[in-house]
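Q: Quick one: the structure is below, and I'll ask about it shortly.
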């Protein structure tokens with residue numbers, strides 16, 4: 001175990017559990033979150049159809065992907081899901097408001113995305129389930145999964161054009 005392993009552990013825990021907590025807000029309404037019905041309504045306002053499917057996908061990416069990233073299990077796949085979700089969060093929910101978080105801009109989700117990409121690039125570290133199991137992920141696979149995450153996020157945004165015109169969201173993100 002090295003100082004770098006401890007650093008990656010801290011990064012995985014903070015980013016993974018933050019993403020999972022946002023997913024729990026959407027799924028269960030915890031910590032003043034929207035809950036399932038409220039999140040479905042947000043997905044409707046953003047133009048995602050069928051909204052129940054996309055609500056489940058986004059919750060799964062955040063809650064499931066966040067927990068799996070936090071423990072460092074199948075880390076590149078968790079990062080792929082979270083990269084896709086982060087692209088959607090940034091472009092659909094926060095981009096129109098500019099950069100700064102004080103205006104509900106994309107500063108915070110961009111910071112989370114940068115951390116996810118850093119974890120994907122460096123690997124989960126020795127203090128992870130992947131490390132304990134001896135799972136090693138080649139750089140080519142990690143790059144491919146990053147690309148799949150970006151394309152998946154952009155593809156999810158593209159399908160909103162098939163639904164009703166989105167209206168600006170003012171509720172929980």
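The values are calculated or read from the model by the stated rules, or taken from the named source; none is laboratory data. Computed from a prediction, not measured in an experiment: that's the story for all the values here. Note: ideal-geometry Cβ built from the backbone for every residue, glycine included; neighbour counts use all protein chains shown.
Q: Determine which member of the set 84, 23, 121, 131 is under 17 Å from residue 9 (Cβ atoms), out of contact with any strand residue (DSSP E or B) (no Cβ under 8 Å at 6 or more places or on another chain) and buried (at least 19 other Cβ atoms within 10 Å of the Cβ).
A: Every option except 131 fails the conditions.
Q: Restricting the search to segment 9-24, which residues are touching a helix residue (DSSP H, G or I) at 6+ places or on another chain (Cβ under 6 Å) and more than 14 Å from residue 67 (Cβ to Cβ)?
A: The answer is 11, and nothing else.
Q: While we're here: Please give the helices (runs of 4 or more DSSP H) falling wholly within segment 99-172 in which 3 or more residues are modelled with pLDDT of 95 or more and farther than 30 Å from residue 6 by Cβ.
A: The helices (runs of 4 or more DSSP H) meeting that bar are 139-159.
Q: Next question, about the same structure. Take residue 70 and tell me if it is out of contact with any helix residue (DSSP H, G or I) (no Cβ under 8 Å at 6 or more places or on another chain) and not in a loop (DSSP other than H, G, I, E, B).
A: No: the conditions fail for residue 70.
Q: Could you check, for segment 48-61, whether at least one of its residues is within 24 Å of residue 133 (Cα to Cα) and crowded, with 21+ Cβ neighbours inside 10 Å?
A: yes
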